[in-house]
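Undergrad: Just passing along the structure, written as structure tokens.
What follows draws every value from the coordinates through simple rules; no lab data is involved. Keep in mind that this is a model prediction, so the values were computed, not measured. Virtual Cβ from ideal backbone geometry, glycine too; neighbours counted across all protein chains shown.
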Amino acid sequence: MVIKFAKYIISSPTFDKCPLPDKTEYAFIGRSNVGKSSLINMLCGMEKLAKTSASPGKTQLINHFEIYSTSTHTKADKQDHWYLVDLPGYGFAKVSQSSRRRWEQMIENYLRKRENLSLVFVLIDARHTPQKIDLAFLEQLKAWQIPFALIFTKSDKEKQAIVSKNVKSFLEAMKKTWQFLPQHFVTSAVKKLGKDKILALIDEINTQ
């Protein structure tokens, strides 16, 4: 897949204010400060598409981006048109309890009711050992029967041996309660590691 054009469309405070569900949709979510905006910008090849911030919890709305891409799965230059969605982070953020609960409800409604949502990419910080909050969120997705893939971020910010160990430990922790493990990708927004593989998965789903 080659992304030809990407643009920000709208930020929605609730699921029912999102654009019409008339295109295939892929959502990105993770703990606050996991490098979500940097990853989205890397995938789309645009440095300032999604706004990055040093302050965790900056994304507070459901952000839609419209994407035009060409498929490498077909002989002809078929153009695909789909949505990429940047969701608020879960976990640590300097917000009130009521605001946090509102975010949680917004995210749950979106994930469970958005009919054109094809896959959720859950971002995990590759610099850390398995975190309970990430594992708990995945259990929630399982309970809601929402398909997802894992993206381990910031692999360039730690020694490769430690990254590999943390990824392996996370997958081993999942095996305690999961019969089948999801697809996973190790990424670096700086080195553009993992970009082609993630886009290939989206391309594959788009062509199905």
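Undergrad: From a point 7 Å beyond the Cα of Ser169 in the direction of its Cβ, which residues of the stretch 98-138 have a backbone N at a distance under 12 Å?
TA: So the set is 126-132.
Undergrad: How many Å³ per residue does the convex hull of the Cα positions in the stretch 77-173 occupy?
TA: 149
Undergrad: What is the percent of Cα-Cα separations in the stretch 141-208 that go past 21 Å?
TA: Pairs farther apart than 21 Å: 35 percent.
Undergrad: Follow-up question, since we're still on this one. Could you list Arg102, Arg31 in order of exposure, starting from the residue whose Cβ has the fewest other Cβ atoms within 10 Å?
TA: Fewest to most other Cβ atoms nearby, the residues stand as Arg102, Arg31.
Undergrad: For the chain, what is the calculated [θ] at 222 nm in deg cm²/dmol (nearest 500), taking -39500 (n - 2.57) for each run of four or more DSSP H residues and dividing by its residue count?
TA: -10500 deg cm²/dmol
Undergrad: Arrange Arg127, Arg101, Arg114 by Cβ neighbour counts within 10 Å, fewest through most, would you?
TA: Arg101, Arg127, Arg114
Undergrad: Once the principal axes of the Cα atoms of the stretch 2-207 are found, what is the range along each, listed largest first in whole angstroms?
TA: Result, largest extent first: 43, 40, 35 Å.
Undergrad: Considering only DSSP beta bridges where both residues belong to the chain, give the percentage that are antiparallel (nearest 5).
TA: Looking only at bridges with both residues in the chain, the antiparallel portion is about 45 percent.
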